[in-house]
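Below: the structure, in structure tokens.
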Amino acid sequence: MKLFITGFVQVFFVAINTYFISRQFYLGILGCGFMISIIWSWNVKKIAFGTWTDRLYYASGAAFGSVAGAYLGHIVSTLINK
């Protein structure tokens, strides 16, 4: 479950950052870019030395994180543009 969550959180920020970039929301880009780097530096060791099962949990979390990040990015962008 920990690997699922770490994969989710990292790709969540990648997805929401992509949305912010497309909308040129610079404060969001700055915050997400920072979070992506911090989380990546924490996750890389876990996955590089993990098993295939670990990688599958991480990748599953990443897949769900990308959907959640895109969804939240849309919500935030809609609220800001009102």
Give just the number: which of (1) hydroxyl-bearing (Ser, Thr, Tyr); (2) closer than 29 Å to ASN81 by Cα; (3) within 14 Å of the chain's Cα centre (by Cα) does SER41 not satisfy? (2)
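This table checks each residue for (1) over 11 Å from the mean Cα position of the chain (by Cα); (2) modelled with pLDDT of 90 or more.
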residue: MET1; (1), (2): yes, no
residue: PHE12; (1), (2): no, yes
residue: TYR19; (1), (2): yes, no
residue: PHE49; (1), (2): yes, no
residue: TYR57; (1), (2): yes, no
residue: GLY61; (1), (2): no, no
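The values are calculated or read from the model by the stated rules, or taken from the named source; none is laboratory data. Values in this document were obtained by computation on a predicted structure and should not be read as measured data.
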